[in-house]
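S.K.: Sharing a structure, written as structure tokens. Questions coming.
Just so it is clear, none of the values below were taken in a lab; they were calculated from the coordinates. Predicted model, so just to flag it, every value in this text is computed and none were measured. Cβ atoms come from the backbone with ideal geometry, glycine included; neighbour counts cover every protein chain shown.
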Amino acid sequence: MLRKLIVLSLLSLLYINNAQALTLKISTLSTDGSSWMNELRAGASEIEQRTEGRVKFKFYPGGVMGDDQAVLRKIRFGQLHGATFTNGSLTSIFLMYRYITWCSNFATWMKLIMYVKNLMKKSLQDLNKVAWSPLACPKLALPI
């Protein structure tokens, strides 16, 4: 499953002419020989086969290209084409990612909805006590 996801995501990034060859440089914190690197290499091998060798991969494992910020800088400058990041790194780069991964902590949508509802209810209760007065702003006072 993971291999298919890697293959599909990497293939979706590529729109190349049949006559062109491309070597993608990918940085990762995963150490060489780890299960993650084995999956990346298997996906890269499958892409190389499907593209008849027009697309190749060069992996830089074990963080040899630097930390997340250095890798992002190298991607911006064109020294690297991509990287794998940890959840913590992604949340520091893309704040919305925090909320996307947060949802996976709940077994069902109902548990997530109940959690958010209770969290909002508590927040609204606190807000109603502190910020709004029913006399000053009756339309905004929340009956909780």
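S.K.: Which cross-chain or sequence-distant (5 or more) residues have an amide H under 5 Å from the amide H of L24, H modelled 1.01 Å from N in plane?
M.R.: Those qualifying (amide H under 5 Å, at least 5 residues apart or on another chain) are K56, F57, K58.
S.K.: Compute the signed sum of charges (Lys and Arg +1, Asp and Glu -1) over the other residues within less than 15 Å, Cβ to Cβ, of G66.
M.R.: Once all neighbours under 15 Å are counted, the net charge is +2.
S.K.: Semi-axes of the equivalent ellipsoid of the range 19-91: what are they in whole Å, largest first, if each equals the square root of 5 times a C-alpha gyration tensor eigenvalue?
M.R.: 22, 16, 9
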